[in-house]
Amino acid sequence: MAISLSFSESTCQAPTQPKGPPVPKAMDPVAEVDVIPPRFLNKPRTVSGFGTFEASDHLIVKAPQRGVIQKVQYNEGDQVKIDDTLCTFRGDEINNQINAKQTEIKAAQTELDSLKNMLQGFRNSQAGEPSPNNTPPPEPLFLDEEAPSHVVPPKPMGIVNPEPVQNQAELETKIHTLEAKLETLTKELASLEESLKGLTIRATIQGMIRKRNVTDGAIVESGDALFEIVTLNPITLTFFVPQDVTSYVDKDIKVTGNPTSAPELKTDGLVYYVSPAIDPVKRMLELKAHLPNDKGLIREGQEGQATVVTRRVDQVWVIPKKSIVTFEGKNYIYVQTGNQARKTEVVLGEPTGNEEVIADANLRIDDLILTTGLDSVKDGSFIKITQSLGQK
């Protein structure tokens, strides 16, 4: 049995070493920089919606009774406050009724007083006392004086002589009947005076006269519409938000709104109504908010937009303003990668008020952002960290 062996020559090679970070050459500049890590900020999520501005309150003022309008105090477009007099009815008929009722009450009161005096006279006579109506005995005369003739004083106007009374019981019955009558007359007078107040029509809400349906001297029927008043301060913005945020919106959450065509009229308010159901056609949720309209520049029917602060909280990046560079209309930051600078685009949000700004960027929590030496670096430049802020 023969065995054959074959050999081949090969060159022995050392194992491949892992590639290290780029090393600057002798002529490569190295920028000395300070760095700082980004930080997270818990920020409530906001959502935008669109809708229409409407009056926050609406009132139709109706005539409480049939009558003639004596005076109209306001015109269309005028502003009114609560309890302002809008118009008055002519009150001749009611005033005549009030005068007649007052005369009737006065006569009844006079008769009642007379009957009570008679009753007191009955009681005094039974007790042997002088009657309150008895006149005192005349003073004695001197020899040369003549007795004065008896003069009967004239009966005052409006005094009603009570009917003759047979006995004390009958007198007491008449007094009780007259007292009940007087009480009824007093209530009727109060009712007439209350009706007289109803002749003055007052505003029960604050707002603007949108429509006036009456003029001086107009005859109106009970229930006729006299005025239409709307409240435009605050004004209501009815708007819709996407259904995917319905679990994070509630009443009394903050909202910022403005007319779509006038963003400079932006104003803050609160949501006061959240629809209990999603609109089946729009697949959106209806919200209503009251917004201040002190100058009256926001009109009914204007299209509006709103930004709502929801209960959903997101974590967002916050970076120093001084770390931002702008190139060709875009914003960038430089992030340390090994011993080089890497340019990263950022989309800026609102400032936080601490020389920082919210940013949307492709960052990691362990990244370090360059804050100095930005004028001498570009994407891929070699850097040397001289100070790392915000790290122990």
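Just so you know, all these numbers are worked out from the coordinates, no wet-lab data involved. Fair warning: this is a prediction, and the values are worked out from it, not measured in the lab. With ideal geometry, Cβ positions are generated from the backbone for all residues, glycine too; neighbour counts draw on all protein chains shown.
The calculated FRET efficiency for the pair residue 82 and residue 321, based on their C-beta separation and a Förster distance of 56 Å, comes to about 0.65.
Taking other C-beta atoms within 10 angstrom as a stand-in for reagent exposure, 252, 360 fall in the order 252, 360, fewest first. Close amide H partners of residue 210, meaning residues 5 or more places away or on another chain with modelled amide H under 5 Å apart, are 77, 228, 229, 230.
Taking the charge dipole of region 193-270 about its Cα centre, with +1 at Lys and Arg Cβ atoms and -1 at Asp and Glu Cβ atoms, the residue from 258, 215, 195 reaching farthest to the positive side is 258. Stretched out straight at 0.36 nm per residue, the stretch from residue 224 to residue 127 would grow longer than its current Cα-Cα span by 28.3 nm. Each residue of region 199-212 was assigned a 3J(HN,Hα) from its phi angle through the Karplus curve 6.51 cos²θ - 1.76 cosθ + 1.60 (θ = phi - 60°); the sequence is 6, 9, 8, 10, 7, 9, 9, 8, x, 10, 6, 7, 8, 10 Hz, with glycine and proline shown as x. In straight-distance terms, cross-link reach from residue 106 covers every one of the lysines whose alpha-carbon lies under 20 Å from its own, apart from those fewer than eight places away in the same chain; here that gives 116, 155, 174, 181, 187.
Approximating the spin labels as points 7 Å out from Cα along Cα→Cβ, the residue 260-to-residue 50 distance works out to 0.4 nm. Beyond 30 Å between alpha-carbons counts as too far, so tell me which of 211/295; 71/101; 254/282 fall in that bin. Pairs exceeding 30 Å: none.
Under a model in which nothing but the beta-carbon of Lys, Arg (+1) and Asp, Glu (-1) is charged, region 20-128 shows a dipole of about 440 debye around its Cα centre. Only alpha carbons enter this Debye calculation for region 314-376, each as an equal point scatterer, and the log10 of I(q)/I(0) it gives at q = 0.12, 0.14, 0.17, 0.19 Å⁻¹ is -0.27, -0.37, -0.55, -0.69.
Using θ = phi - 60° in the Karplus curve 6.51 cos²θ - 1.76 cosθ + 1.60, the 3J(HN,Hα) couplings for region 252-258 round to 6, 7, 6, 9, 10, x, 6 Hz; x is entered for Gly and Pro.
Computed across region 230-330, the Kirkwood radius stands at 15.6 Å (inverse of mean 1/r, all Cα pairs). Under a model in which nothing but the beta-carbon of Lys, Arg (+1) and Asp, Glu (-1) is charged, region 267-367 shows a dipole of about 140 debye around its Cα centre. Each residue of region 325-337 was assigned a 3J(HN,Hα) from its phi angle through the Karplus expression (A = 6.51, B = -1.76, C = 1.60, θ = phi - 60°), giving 10, 10, 9, 6, x, 10, 9, 9, 10, 10, 10, 6, 10 Hz with x at Gly and Pro. Once the Kirkwood radius over Cα pairs is known for region 226-273, the Stokes-Einstein relation at 25 °C and 0.890 mPa s delivers a diffusion coefficient of 190 µm²/s. When region 214-293 is described by a simple charge dipole with +1 on each Lys and Arg Cβ and -1 on each Asp and Glu Cβ, the residue from 267, 246, 233 located farthest towards its positive end is 246. For 50, 239, 40, 227, the sequence from fewest to most other C-beta atoms within 10 Å is 40, 50, 227, 239. Residues 264, 54, ranked from the fewest to the most other C-beta atoms within 10 Å, line up as 264, 54.
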